[in-house]
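Here is the structure we will look at.
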Amino acid sequence: MSGTPLPALDADLEHRLTFRWSDLPPLTADLGGTGGTLRAHPDDFEVVERPLYLPSGEGSHAYARVEKVGHTTRDLIVALKGAGVPEPNVGVAGLKDKVARTEQWLSVPRRFEAEAWAALEAMDGVRVLETSRHANKLGIGHLRGNAFVVRVRDVDDDAEARANAVFERLARAGSPNYFGPQRFGRFGRNAVDGWRLLHGHDVPGGHRLKRFFVSALQSLMFNRWLAERVEDGSYAGVLVGDWARKHDTGGTFQVTEADLEDAVARAHALALSATLPLYGKKVKPSAGEAGRREAAGLAALDLRWVDLVGRHGDRRSTRVAGLEATVERDGSDLMLRFELPKGSYATSVLREVMKVDVDAPLDGSGEATVSERPTD
């Protein structure tokens with residue numbers, strides 16, 4: 001009703017809506033970290049996209065495999081817009097880091113092919129490595145995952161042994177599938193703006209940016225619920241009311257009292273994991289104990305699940321299974337190689353290994369706590 005005061009955002013709630021690594025307990029807190037420095041140079045962080053499929057060589061869409069250094073994926077999209085490609089016609093499978101050397105596929109309608117790839121080649125730090133064609137536009141999520149080669153500089157003397165111990169634990173128990181800090185913006189406050197939007201406050205930015213703010217709020221709630229499970233020891237199992245996901249097939253089922261014992265045993269064997277909600281019109285609160293925890297988490301942030309019915313919604317696994325890594329000493333540095341499925345964050349894995357707040361947002365003073373990273 002006109003004139004009704006908007007819900008207030010007090011300092012305590014604002015604090016809870018701001019991303020901090022200290023709120024997210026690592027699974028390997030009892031194991032030492034390597035220390036060291038990340039992203040001293042873009043070549044210290046290499047990311048290669050693992051596509052869901054390769055272009056067939058024929059079709060109405062032109063594909064290019066692109067290497068970039070010092071640019072976000074958004075920068076490439078802007079360059080393609082400048083070459084005359086309407087933004088809705090640009091296809092990408094995922095967003096890649098700025099302070100890194102990355103490879104990914106992009107697509108445009110075939111009629112824009114020459115101008116599009118020429119525009120990318122004209123950018124400093126960008127190379128078109130390969131071109132092809134395919135029947136459909138490349139879409140978000142059309143990838144299996146990403147392969148990482150990471151140089152951690154100036155690590156501790158026993159860093160190799162420490163890294164191997166952490167990776168062995170993560171392989172056995174699954175790696176916590178936290179959303180990393182890049183999801184939450186330069187000051188870790190994107191979820192604050194998401195909350196304000198849902199409560200009717202005016203937040204500057206276009207439609208795309210506002211949707212990202214609300215996505216950050218969904219991600220922050222996921223992180224809080226996952227952190228609770230890591231803290232209380234329920235992380236390795238499942239709860240009544242959880243929607244569990246099988247790691248081999250991706251199939252999901254709701255855990256009931258009747259099948260709890262069997263589901264917990266399979267979870268401990270890393271055959272399946274609990275999922276947690278990213279609320280939306282297709283994803284409603286869970287039942288049982290899982291639902292009670294969700295309700296408490298929502299209340300702590302002055303939210304209801306119906307506040308998010310404007311989003312489609314999804315469920316995200318609490319764990320990354322099948323993590324394999326190689327660790328190699330290179331003088332005073334450590335080289336780490338591993339792959340992650342789509343949607344998982346290398347920063348969450350590296351934080352377990354290094355015991356450093358990897359790519360943490362800028363703090364309130366405007367000083368970077370560690371290397372600053374863009375939101376892309």
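Scanning segment 71-98 for residues that are assigned to a helix (DSSP H, G or I) and more than 28 Å from the chain's Cα centre (by Cα) turns up just one, G82.
Give the residue that is surrounded by the most Cβ atoms within 10 Å (Cβ to Cβ), with candidates limited to residues of segment 239-270 that are assigned to a loop (DSSP other than H, G, I, E, B) and under 20 Å from the mean Cα position of the chain (by Cα).
Checking each candidate, the answer is H247.
Scanning segment 50-101 for residues that are farther than 24 Å from G343 by Cβ and among the charged types (D, E, K, R) gives E58, K81.
Results for (1) surrounded by 16 or more Cβ atoms within 10 Å (Cβ to Cβ); (2) within 15 Å of the chain's Cα centre (by Cα); (3) within 19 Å of R337 (Cα to Cα); (4) not assigned by TED's automatic domain parsing to the domain that holds T18, shown as yes or no for each residue.
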residue	(1), (2), (3), (4)
N136	no, no, no, yes
E160	yes, no, yes, yes
A163	yes, no, yes, yes
D193	yes, no, no, no
H199	no, no, no, no
D202	no, no, no, no
L217	yes, yes, no, no
G237	yes, no, no, no
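For segment 28-60, a residue qualifies if it is in a loop (DSSP other than H, G, I, E, B) and buried (at least 20 other Cβ atoms within 10 Å of the Cβ), and the qualifying residues are T28, G33, T34, G36, L38, R39, P55.
Within segment 43-70, residues that are in the same structural domain as P88 (by TED's automatic domain parsing) and among the β-branched types (V, I, T) sit with their Cβ atoms under 7 Å from residues that are buried (at least 19 other Cβ atoms within 10 Å of the Cβ) and in a helix (DSSP H, G or I), at 6+ positions apart or across chains, in these pairs: V66/L76; V66/L120.
Considering only residues in segment 1-27 that are over 30 Å from A171 (Cβ atoms) and hydrophobic (A, V, I, L, M, F, W, C), the one that is surrounded by the fewest Cβ atoms within 10 Å (Cβ to Cβ) turns out to be M1.
The residues in segment 285-316 that are outside any helix (DSSP H, G or I), of a type outside the set (K, R) and free of Cβ contacts under 8 Å to residues at least 24 places away in the same chain can be counted, and the count is 1.
Residues in segment 227-247 that are more than 19 Å from A287 (Cβ to Cβ) and in contact (Cβ under 8 Å) with a residue 60 or more places away in the chain: A227, V230, E231, Y235, A236, H247. Among the residues of segment 99-117, is there at least one that is more than 26 Å from D359 (Cα to Cα), of a type in the set (S, T, Y) and either outside the structural domain of G250 (by TED's automatic domain parsing) or not in a loop (DSSP other than H, G, I, E, B) (or both)? Yes, there is a match, as at least one residue in segment 99-117 is more than 26 Å from D359 (Cα to Cα), of a type in the set (S, T, Y) and either outside the structural domain of G250 (by TED's automatic domain parsing) or not in a loop (DSSP other than H, G, I, E, B) (or both).
The values are calculated or read from the model by the stated rules, or taken from the named source; none is laboratory data. Keep in mind that what you see is a predicted model, and the values were worked out from it rather than measured. No Cβ is skipped: glycine too gets one built from the backbone with ideal geometry, and neighbour counts run over all protein chains shown.
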